[in-house]
Amino acid sequence: MNPATEAKEIAEGLRRRDVAIIHKLVERYQYRLTRYLLYLTGRQDLAEDLFQETWLRVLERGSQFDASSRFEPWLFTVARNLTMDYFRRKKMVSLDAPMESGNATGTNEESFTAKLADHSSPSPFELAARSEDAARLAQALLLLAPIYREVLVLRFQEQLSLQEVGRVIGAPVATVSSRLRRGLAALRSHLEGVAHVR
């Protein structure tokens, strides 16, 4: 189906609060949205709660989706805004602060990185990092400051354009590009450090 036609169909379905379109969207984006929220929050339990809240918000505010753009950036924006609201309410770490190592999940870090690395429909970013490198990549991403981790995930795992990433995070393309460069450099440094330790 043509992307413009699909976006229009999604917008009309959301305006009608069509349960069938919601189920279709949840099924299609379940893994991607969960993965994004895991990287954003660093906690599996919180990611699962925010996943549910995101779909409730999509149902409530579906009429705000503009069919002139793709659905994915709008969905990730809704999820991000809910996450930021949660962080503000709980006076938790912002996306500007690095995630605490060793307490990234509120559960077991190894199972968390395995969950991020293990799935059935990998993006091109993940295909390049398959096998034993996938866990190293997931672990290295968790060590990055969240502002860098987020743009790397949106750009390379979720395959959003620079403009779409900018819309999701509310920043100009120049800022997105700068964060990508810095994030890639930091990721390379973390991966090389892990390689030297091994």
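Report the extension gain between LYS8 and GLN64 in nm, rounded to one decimal, defined as 0.36 nm multiplied by the number of residues separating them, less their alpha carbon distance.
Full extension of this stretch gives 18.9 nm more.
Using 0.36 nm per residue and subtracting the Cα-Cα separation, the extra length available between SER177 and ASP45 on full extension is 44.4 nm.
Dipole orientation for the stretch 1-84: of the candidates LEU59, THR77, TYR39, THR77 has the Cα lying most toward the positive pole (charges on Cβ; Lys, Arg +1; Asp, Glu -1).
Once the chain from LYS91 to ALA145 is taken as fully extended at 0.36 nm per residue, the excess over their C-alpha distance is 17.7 nm. Shown is the FRET efficiency for ARG28 and GLU192, computed with R0 = 41 Å from the Cβ-Cβ distance and rounded to the nearest 0.05: 0.70.
Readers should treat all values here as calculations from the given coordinates under stated rules, not as data from a laboratory. Predicted model, so just to flag it, every value in this text is computed and none were measured. Neighbour counts run over all protein chains shown; Cβ positions are idealised from the backbone, glycine included.
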